[in-house]
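Colleague: To start, I am sharing the structure in question, which I have written as C-alpha cells.
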Amino acid sequence: MKITRRRLLILLPAAVVAWESVLAGTPEAAPNYKLTEHWWGMLLDIDKCIGCGNCVRACATENDVPDGYFRTWVERYHVSDDDLADPVVDSPDGGKHGFPLLERGGKNFFVPKMCNHCADSPCTQVCPVGATFITPDGVVLVDKTYCVGCRYCIQACPYGCRFLNSKTQTAEKCTLCYHRITKGLTTACCEACPTGARQLADLKNPKDPIHAFLRTHSVQVLKPYMATGAKVFYNDLDGSVR
Amino acid sequence: MTRFKDFEHLLRVALVFLVGAVAFVVVRSILVPRSFGEYGHYRGNAIAEIATQPIVFAGHQTCEACHCDVSDLKSKGKHVTVNCEACHGALARHAGDPTTVQPPKLDTAVLCVRCHEINGARPKSFPQIVAKEHSAGVSCETCHQPHSPLIETGAKP
C-alpha cells in the first residue's frame, strides 16, 4: 500500500488513539469497588490466638510466599516473673508448623505479626522510585514492575514486615489480600484462623464491629512511639511485646 | 540602541535549549505511564493489577452456598468460629469445579492436635489435651464429630 499524504493524515489520529490506550494500561479489576469508601485495618486478639500456625500456612498458600520468608508470622513470648522487660521470643519457621511444648513458668502467649498497613508508613516514604505506596483505601502495596530491589524499604520498616523475593528480586510484603478484600472476601489469614483471633476491619464502614470493639477494649498498636499510624490493632497486648 | 554584536550565537543557544526542553517533555510523556500520579507518587494502575491476583481460599460464604447442612450443624456447635478452609485447606479450585476437583481426605490425628494439643502459651480457657493420654491412639472422630465436637452425653472418654 502506498502511503499518500491523504492516507497518512487519516492514519495518524488512529495511531494516536491506539497509543493512548497503550499508555492508559489495564482497566479497573473490581468495577463495583470504590477506593474512597474503605479504610482497611486488622484486629488481632491476643486472648484468642492459640499459635496453631493456620494463618502463616494460609498466607503462604494464597500468596505463594517463598519458603523461609513470611508475610505474616506468629511469635511466642515468654516473660519471666522477675524480668518483665526482657521477654524470650521464639518463632520456629514463623510458627508455620505450630510450637513445641515448653514447660516453663512465667507468662506465655502468642503474638501474630504482619504488616501494620501504616497510614504514615516509613517504607513508602523511603522508596526512591515510587514502587511502594499506600492506596486510597489504606493498604500498603508494592508495584513489582517499578521496584528496583534496593531494599531501602526493608530497612525502613520498624516491624520487619518486608523481605526481598529472591526470584523476582523485588520487595514483597503483606497485601492485606488486596485481591480478596476488593471482592468482598476476607483475607486468607482471617479465613483460616480457627478462633477469630484475626479480624479484617474496615474503619470507614460505620457498621463494622471494629468500632464497638475499639471503644470497649484496651487496644494498642505496635511501637506507637514511631508515629507510623499503624492500623493493625492488638487487643490485650502485653507491655513486653515489641 | 545598537544591536548586540553576536546576536545569532545567542539565538542558536536558545534554540538548542528549546529543542532540548521540547524533547524532554515529549520523551517524558511517552515513558511515564499515564496512570502515574493518579492517586499519588506511584503508578495508579498497579492497584488494579494487584487486585487481579487469583483467589486460592474460596471463603466460607462460597462453601455454605452448597454445604448448608454442614454450616447448620457447625453453627450450633463449639466449632462455630472455625471456617471450613481452616481444616479442609484452600478450596477455590473445588468451588470453581466441584465435580472434578475433590478436596483431599483429612487426617484428624494431625488436624485436631494442631489446635488442641496442650501448649503453655495457649489461653487457659482454650480446651487442650495431651493426645497420648487422652485417647490412647483411638482417632478423634470416633467420639467427636469434627463439625460439632462436644460430646452430648457429657461423659468424657
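Values in this text are rule-based calculations from the coordinates and carry no lab data. It should be emphasised that the depicted structure is a prediction, and the values quoted were computed from it without experimental measurement. Note: ideal-geometry Cβ built from the backbone for every residue, glycine included; neighbour counts use all protein chains shown.
Colleague: Compute the Kirkwood hydrodynamic radius of chain A, taking the inverse of the mean of 1/r over all pairs of distinct Cα atoms, and give it in Å to one decimal.
Modeller: That comes to 20.1 Å for chain A.
Colleague: Tell me which residues come under 5 Å, amide H to amide H, from B:PHE36 once H is placed; ignore anything under 5 positions away on its chain.
Modeller: Hits under the 5 Å cutoff: B:GLY44.
Colleague: For region A:180-242, what is the Kirkwood hydrodynamic radius in Å, using each pair of distinct C-alpha atoms? Don't skip to the answer; put the middle values down first.
Modeller: Details: mean 1/r = 0.0752 Å⁻¹.
Final number for the Kirkwood radius of region A:180-242 is 13.3 Å.
Colleague: Also: What pairs in A:LYS173/A:LYS231; A:LYS204/B:LYS74; A:LYS173/A:LYS223; A:LYS96/A:LYS167; A:LYS183/A:LYS231 have C-alpha atoms more than 23 Å from each other?
Modeller: Where the Cα-Cα span goes over 23 Å, the pairs concerned are A:LYS204/B:LYS74.
Colleague: What does the structure give for A:35-47 when I average, per residue, the other chain Cβ atoms found within 10 Å of the residue Cβ?
Modeller: Per-residue shielding by partner chains comes out at 1.
Colleague: I need the phi-derived Karplus couplings for region B:60-74: 6.51 cos²θ - 1.76 cosθ + 1.60, θ = phi - 60°, integer Hz, Gly and Pro marked x.
Modeller: Result, ordered by residue: 5, 4, 5, 4, 5, 4, 9, 8, 5, 4, 5, 5, 5, 4, 5 Hz.
Colleague: Ranked by Cβ crowding within 10 angstrom, fewest neighbours first, how are A:CYS161, A:CYS189 ordered?
Modeller: Ranked by crowding around the Cβ, least crowded first: A:CYS161, A:CYS189.
Colleague: Around A:ASP236, under 11 Å between beta carbons, what's the net of Lys plus Arg minus Asp minus Glu among the other residues?
Modeller: Numbers: positive: A:LYS48; negative: A:ASP45, A:ASP47, A:ASP238.
Charge balance near A:ASP236 sits at -2.
Colleague: Okay, moving on. Report the charge-dipole magnitude of the protein assembly as shown in Debye, nearest 20, computed about the Cα centre from +1 at each Lys and Arg Cβ and -1 at each Asp and Glu Cβ.
Modeller: Values: 43 positive and 39 negative charges, 349 e Å.
Here the protein assembly as shown has a charge dipole of around 1680 debye.
Colleague: Measuring from a point 7 Å past the Cα of B:ARG93 along Cα-to-C-beta, which residues in region A:155-191 have an amide N at less than 14 Å?
Modeller: Zone members listed by number: none at all.
Colleague: For region A:78-170, build the charge dipole from Cβ charges (+1 Lys, Arg; -1 Asp, Glu) around the Cα centre, then report which of A:GLY149, A:MET114, A:THR135 sits farthest towards its positive end.
Modeller: A:GLY149
Colleague: Just add up the charged neighbours of B:CYS68: K/R +1, D/E -1, any other residue whose Cβ is under 15 Å from the Cβ of B:CYS68.
Modeller: The answer is -1.
Colleague: What residues have an amide H closer than 5 Å to that of A:GLY106, excluding those fewer than 5 places away on the same chain, when H is modeled at 1.01 Å from N in the peptide plane?
Modeller: Amide H neighbours of A:GLY106: A:ASP81.
Colleague: Over all directions, the average projected area of the alpha-carbon convex hull for region B:56-104 comes to how many nm²?
Modeller: Dividing the Cα hull surface by four gives the mean projection, 3.3 nm².
Colleague: By how many nm would the segment from A:GLU37 to A:ALA85 lengthen if fully extended, with 0.36 nm per residue of separation less the alpha-carbon distance? Don't skip to the answer; put the middle values down first.
Modeller: On the way: separation 48, 0.36 × 48 = 17.28 nm, distance 4.12 nm.
Stretched fully, the A:GLU37-A:ALA85 segment lengthens by 13.2 nm.
Colleague: Normalise the Cα radius of gyration of chain B by 2.2 N^0.38 Å (N = residues in it) and let me know the number.
Modeller: Relative to the 2.2 N^0.38 Å estimate, chain B comes out at 2.22.
Colleague: Using a simple charge model, +1 on the beta-carbon of Lys and Arg, -1 on the beta-carbon of Asp and Glu, nothing else, what dipole does region B:1-154 show about its Cα centre, in debye to the nearest 20?
Modeller: About 800 debye.
Colleague: Ignoring everything except DSSP H segments at least 4 long, calculate the 222 nm mean residue ellipticity for chain A; use -39,500 (n - 2.57) per segment, divide by total residues, nearest 500.
Modeller: One gets -6000 deg cm²/dmol as the mean residue ellipticity at 222 nm.
Colleague: Enter the angle in degrees (range 0 to 90, nearest 10) between the Cα long axis of helix B:7-31 and the first principal axis of the Cα atoms of chain B, meaning the one along which they spread out most.
Modeller: Tilt relative to chain B: about 20 degrees.
Colleague: Next question. Neighbouring Cβ atoms within 10 Å as the yardstick, rank B:GLU133, B:GLU38 fewest first.
Modeller: Least crowded to most crowded, the residues run B:GLU133, B:GLU38.
Colleague: Something else about it: Scan around A:PHE70 for amide H atoms under 5 Å from its own, H built in the peptide plane at 1.01 Å from N, and keep only partners 5 or more places away or cross-chain.
Modeller: none
Colleague: Would you work out which of B:ALA109, B:SER139, B:PRO127 lies farthest towards the positive end of the dipole of region B:106-148? Charges go on Cβ: Lys and Arg +1, Asp and Glu -1.
Modeller: Highest projection toward the positive end goes to B:PRO127.
Colleague: Moving on. How well do other chains shield peptide A:139-150, expressed as the mean number of their Cβ atoms within 10 Å of each residue Cβ? List each step's numbers first, then the result.
Modeller: Working: counts 2, 0, 6, 3, 9, 3, 5, 5, 0, 0, 0, 0.
Neighbouring Cβ atoms belonging to other protein chains average 3 per residue here.
Colleague: So for B:SER35, A:SER166, fewest C-beta neighbours within 10 Å to most, what's the order? Don't skip to the answer; put the middle values down first.
Modeller: Working: B:SER35 18, A:SER166 10.
Fewest-to-most ranking of B:SER35, A:SER166: A:SER166, B:SER35.
Colleague: Please turn the phi angles of region A:159-176 into ³J(HN,Hα) values with the Karplus equation 6.51 cos²θ - 1.76 cosθ + 1.60 (θ = phi - 60°), one per residue in order, whole Hz, x for glycine and proline.
Modeller: Listing the rounded values in order: 9, x, 9, 10, 8, 9, 5, 5, 7, 8, 6, 10, 5, 9, 6, 4, 9, 6 Hz.
Colleague: Take B:LEU31 and B:ILE151, extend 7 Å from each Cα along the Cα→Cβ direction, and tell me the distance between the two endpoints in nm.
Modeller: 7.3
Colleague: Step through the residues of region A:133-147 one at a time and calculate ³J(HN,Hα) from phi using the Karplus curve (6.51 cos²θ - 1.76 cosθ + 1.60, θ = phi - 60°), rounding each to whole Hz and writing x for Gly and Pro.
Modeller: Per residue, the Karplus-derived 3J(HN,Hα) values read 7, 9, 6, x, 9, x, 10, 8, 10, 10, 8, 4, 6, 9, 5 Hz.
Colleague: Give the residue from A:PRO66, A:ASN235, A:CYS55 lying farthest towards the positive end of the charge dipole for the protein assembly as shown; charges sit on Cβ (+1 for Lys and Arg, -1 for Asp and Glu) and the dipole is referred to the Cα centre.
Modeller: A:PRO66
Colleague: About the Cα centre, and with charges only on the beta carbon of Lys, Arg (+1) and Asp, Glu (-1), how big is the dipole of region B:106-148? Nearest 20 debye, please.
Modeller: Charge dipole of region B:106-148: 200 debye, to the nearest 20.
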